[in-house]
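First up is the structure itself, then whatever we jot down about it.
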Amino acid sequence: MRIRPRAWLWPLACSLFLVGCGMFGSEDEPIEPPAELTEFDASLAVREAWDVRVGSGAEELNLALRPAVEGGRVYAVGRDGVLHALDLETGDVTWKVDTELRVSAGPAVGHGLAVLGTTSGILAAFDLADGAELWRTDLSGEILAAPDIAPTAVVVRTVDGKLRALSADTGAELWMVEHRPPRLSLRGTAGPVIVGEIVVAGFDNGRIGAYGLRDGEPLWENTLSFGRGRTEIERLADVDATPQVVGQDVYIVSYRGRLVNVTAASGQLLWANEISSYSGLDVDWTTVFVTNDESVVLALNRSSGAELWSQDALRMRALTAPGAIGNSVVVGDFEGWLHWLDAVTGALQARHRPGKAAFVTRPVASGGVLVVQDEADRVYALRAEPRG
């Protein structure tokens, strides 16, 4: 099958930033347009298994609304706060509940909970079994990244630079640490991750830190990105991509900084690669996949950080973080296209456009099913198979 090109439309990439389009260039520095999609021989056939509308849409808000899969169910929520539990295979609605929240992040799922965050700073937890609300807590700080969940605690970042742990049972605050954010930063935050009894989080000042899950005791801190330049824009150094974990290894990337591999227990730097990203990354057992700030997709050796391949055919298309699935890695773009790349070579394998709304969050893989949510709050389940 030949995949035909499509004329590009200018992406609303400015919505990613507080400072607007001026960040990307000046009168003396023209802005690079997004790459046009060109024909190629597709090696995979993509099939839509089902799709479900879970909300009224959140176009151009760049919200961290990303489905989560657990126990054969897909949990998804739209901007207007209707939380859905869907059957992974059929898309049938198991239950749904109107939370009456303006949701900006989540759901995070685990240990019997589905947890949502809002722009007004509300963090709320619901029972995975039936959607019953268990608790809600006002944190008084916008939540733009999904929390992480342990049996005893839920940890969450807010845009005011605070990292909090709340009781998983009651929502009561257990501890809080703070990194004062710079005056100017990208719109977005990196979600924290829990590694055993350790919480690892990135901050808008370019630093990453680890804290004890029980009491928030600081364990170590490293700098990912140093703000350099004469202006505040030139000194932007945010860590806005949620870390990825394999065993005790943590992989994290910053804007205008580095992608690093550190140990969760000590923060020991195992390797670093000079890569700038706000979209994020994914990791499998052998490879780290990352979308850089120019929408070039790269693959790195997980053990050494050495570059294995890069794919620049989708430059400046406001790509999501990559999602690894089987022998492929998938990214979404600003026009609503999903692109399958060969995980070993980076070659384009397939392209599919289920709708017209942009994708802004990383695709989710469960078995052979890819689950994605676009900015129109439509959730899709897709399968890709070799062409015969």
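Every number here is computed from the coordinates shown, using simple stated rules; none is lab data. Computed from a predicted structure; not experimentally measured. We place every Cβ from the backbone using ideal geometry, glycine too, and count neighbours over all the protein chains shown.
Take peptides 196-206, 343-353 and line them up by average Cβ neighbours within 10 Å, highest first, as a rough protection proxy. Provide the component values of the computation, followed by the final result.
Values: 196-206: 22.5, 343-353: 18.7.
Taking the mean over residues of other Cβ atoms within 10 Å, the ranking is 196-206, 343-353.
Here the dipole of the chain is about 380 debye; that uses its Cα centre as origin and unit charges on the Cβ of Lys and Arg (positive) and Asp and Glu (negative). Farthest toward the positive end of the dipole of the chain, out of PRO67, LEU86, SER43, is the Cα of SER43, where the dipole comes from beta carbon charges about the Cα centre.
Using Cβ contacts closer than 10 Å as the measure, can you line up GLU335, GLU307 from fewest to most? Provide the component values of the computation, followed by the final result.
Values: GLU335 19, GLU307 13.
Sorted ascending by nearby Cβ count, the order is GLU307, GLU335.
So if each residue of separation counts as 0.36 nm, and I subtract the Cα-Cα distance between GLN268 and SER140, what length gain in nm does that give?
Roughly 42.7 nm would be gained on extension.
Please report the net charge: other residues with Cβ closer than 15 Å to the Cβ of ARG47, K and R +1, D and E -1. Before the final figure, lay out each step's value.
Working: positive: ARG351, ARG353, ARG383, ARG387; negative: GLU48, ASP51, GLU89, GLU385.
Net charge around ARG47: 0.
Site pair ASP127 and THR90 shows an inter-label distance of 2.3 nm when each label is modelled 7 Å from Cα along Cα→Cβ.
Contact order, relative form, for the chain: 14 percent (alpha carbon pairs under 8 Å, 6 or more residues apart, mean separation divided by residue count). Computed extension gain for GLU100 through THR345, at 0.36 nm per residue and net of the alpha carbon distance, reaches 83.6 nm. Counting neighbouring beta carbons within 10 Å and listing from fewest to most, the residues THR152, THR189, THR137 come out as THR152, THR137, THR189. Classified by the C-alpha gyration tensor, segment 2-386 has a rounded form. Its axis ratio a/c, with a ≥ b ≥ c, is below 1.5. Potential lengthening of the chain between LYS356 and ASN327 amounts to 7.8 nm, from the contour at 0.36 nm per residue minus the alpha-carbon distance. For segment 266-271, backbone phi angles converted through the Karplus equation (6.51, -1.76, 1.60; θ = phi - 60°) give residue-by-residue couplings of 10, x, 4, 7, 8, 6 Hz, Gly and Pro being listed as x. Under 11 Å from a label point set 7 Å out along the Cα-to-Cβ vector of ALA49, the amide N atoms of segment 70-85 belong to 72-74.
Counting neighbouring Cβ atoms within 10 Å and putting the fewest first, the residues SER303, SER104 line up as SER303, SER104.
Among bridges DSSP assigns within the chain, what percent are antiparallel (round to 5)? Mind showing how you got there, number by number?
On the way: 111 of 114 bridges.
Here the share of antiparallel DSSP bridges comes out near 95 percent.
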